Amino acid sequence: MRLQSSWDPHLADGTASPAERLAEAMGNDILSGKLKVDSRLPAHRDLAWRLGIGVGSVSRAYAILERRGLVRSVHGRGMFVSVRQENPGTRFDLATNMPPPMFSNRALASTLNQLAKQVDPDLFNVYPPVAGHPEHRRIMAHWLAGLGLDVTPERLLLTAGAQQALNVALNVVRPHVTCAVTEEQTYPGMLGAMRQNHLPVHAAMMDAEGMLPASLDEILQRNRQERAVIYLTPTMHNPTTATMELQRRQDIAAICRKHDALIIEDGVYVAGRDPSRPSFMELAPERTFHVSSLSKILSPGLRIGALIPPANYMEECLPALLASSLMIAPLSYAMMALWMQNGTAESVRSALQNEAIRRQELVAASLPQAIQPRHHAFHAWLPMPLEQAARVIAQARDLGVSLPAATSFQATETPHSTGVRLALGSVSFRRLPEALRRVQSACLCAEGKVSRDTIPIY
């Protein structure tokens, strides 16, 4: 096999080990189709000599790829590329916001085979504790520490995904507040939960970093006879991709203290430790409910979330969690534990971060009007007036691209800023350029710059 120049670990970021850099480069080439299915990879010793690294580094890189199911070992013959063939279909789904699949059939089969030999039968034979098994809470606390969230296992509750964690937090704060404040564009699932709880919602204005402190302060001052809960996504905001810098976070935390407001912090897109952008859980621990999840940074099917409430609300969270009547599937518990203990979760997390960067680079090249995010996740934002957004979404639908309704993110009927969100994870990297080209064509059609009849559809 011809050696790819991108495999040279000396050219990559020096913060990772040679094995991790090699696995990342080879994984990218496999997923992008540069390395074909069933093609044979170079022998360990040969590749190590050609790259100028140790044989052990190559072996560890191959082991990372094998855990992800991207390669398979054939006894006596070597290592071969092994990924499932994609079904291209006829439409592009840029509406469903999730990371791309990183676990092949082979990787999942290997995981299930290991679990069959070592799984604890009590996972299936008895009800778990309300907050999750102590060992699984310990494993999750260790994982969150790697994301910059230092919490003891006793302080966190495991949930069946982030949506359940958000609902539990909202149900707990509801008796203590009379209104909510969120960004004028925000996560539709939380908007729905607030409305189901009959909680009046005030929309704070936004800029490139998210919620404006002055707007928040004005709303809380205007409603000073009420107590509010503030819902925000400070890192890679959904849908606008805004990320708050340190001063913005400190200002909002101070305003919440000034008005005694509670905070629900949505941290599902935080995928690594960043001391320059501390969480609100760190800045205002006495009033912040922090929500995290594995589905956005590992796998959509791993519906395990974590809720970290303020210490004095912990006891209220347990009955709220029990009343929600959702339980984490025992198999998900077991898979989470195995992947976090054998290194699979960390290698997949790292690979997804690099995949997000690659996809955002495609967006920047294809759609220069898109916001350039400060953080990395699998969605992008095209700011535009609401009427134009509706035309773009309709044109994209006719061109075979599904996009979410612009109004689904609005916390107010008259937001100052609107746009179109693109979800980048549901389409393969190989097909994403064509999907983005169609979105750009839809934008030009909506502006009247081209006729849809002149756009070729392949």
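Okay, here's what the table says:
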{"quantity": "Nitroxide proxy distance, nm - points 7 Å out along Cα→Cβ at Asp274 and Val201", "calculated": "2.5"}
{"quantity": "Asn113 paired with Arg174, simple spin-label distance in nm, labels 7 Å along Cα-to-beta-carbon", "calculated": "4.8"}
{"quantity": "Amide proton proximity set for Val420, modelled H, under 5 Å, gap of 5+", "calculated": "Leu382, Met384"}
{"quantity": "Interchain or long-range residues, amide H under 5 Å from His379's placed H", "calculated": "Leu424"}
{"quantity": "Three-way shape call for region 130-273 based on the alpha-carbon gyration tensor, with the a/c threshold at 1.5", "calculated": "prolate"}
{"quantity": "Given charges at Cβ of Lys, Arg, Asp, Glu: the chain dipole, positive-most of Thr240, Gln185, Ala43", "calculated": "Ala43"}
{"quantity": "Whole-Hz ³J(HN,Hα) from phi, Karplus 6.51 cos²θ - 1.76 cosθ + 1.60, for region 360-367, glycine and proline x", "calculated": "5, 5, 5, 4, 4, 6, 8, 10"}
{"quantity": "Candidates per GluC sites (Glu not before Pro) in region 285-327, loop by DSSP, up to 12 other Cβ within 10 Å", "calculated": "Glu286"}
{"quantity": "Label-point separation, Leu322 to Lys34 (7 Å along Cα→Cβ), nm", "calculated": "5.5"}
{"quantity": "Gyration tensor verdict on the chain (Cα atoms; rounded if a/c is under 1.5, prolate if a/b is larger than b/c, oblate otherwise)", "calculated": "oblate"}
{"quantity": "Inter-centroid distance (Cα atoms) of region 289-321 relative to region 156-226, Å", "calculated": "16"}
{"quantity": "Residue-by-residue Karplus 3J(HN,Hα) for region 20-25, coefficients 6.51, -1.76, 1.60, Hz, glycine and proline x", "calculated": "5, 5, 5, 4, 4, 5"}
{"quantity": "Under-5 Å amide H pairs with Cys179, H placed in peptide plane, nonlocal only", "calculated": "Arg227, Val229"}
{"quantity": "Region 391-437, dipole about Cα centre (Lys/Arg Cβ +1, Asp/Glu Cβ -1), debye to the nearest 20", "calculated": "200"}
{"quantity": "Lys/Arg +1, Asp/Glu -1 at C-beta; the chain dipole; positive extreme among Ile252, Ala423, Leu108", "calculated": "Leu108"}
{"quantity": "Karplus 3J(HN,Hα) series, Hz, for region 402-408 with 6.51 cos²θ - 1.76 cosθ + 1.60 (x for Gly, Pro)", "calculated": "8, 10, x, 4, 5, 6, 5"}
{"quantity": "Antiparallel bridges, percent of DSSP beta bridges restricted to the chain (to nearest 5)", "calculated": "55"}
{"quantity": "Solvent exposure of region 262-390 as accessible area per residue, Å², 1.4 Å probe", "calculated": "36"}
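The values are calculated or read from the model by the stated rules, or taken from the named source; none is laboratory data. Please read all numbers here as calculations on a predicted model, not as lab measurements. Positions of Cβ are generated from backbone atoms using ideal geometry, with glycine treated the same way; all protein chains shown enter the neighbour counts. Protein only, heavy atoms only, side chains kept; ligands, DNA and RNA dropped before computing areas. Shrake-Rupley method; radii C 1.70, N 1.55, O 1.52, S 1.80 Å.
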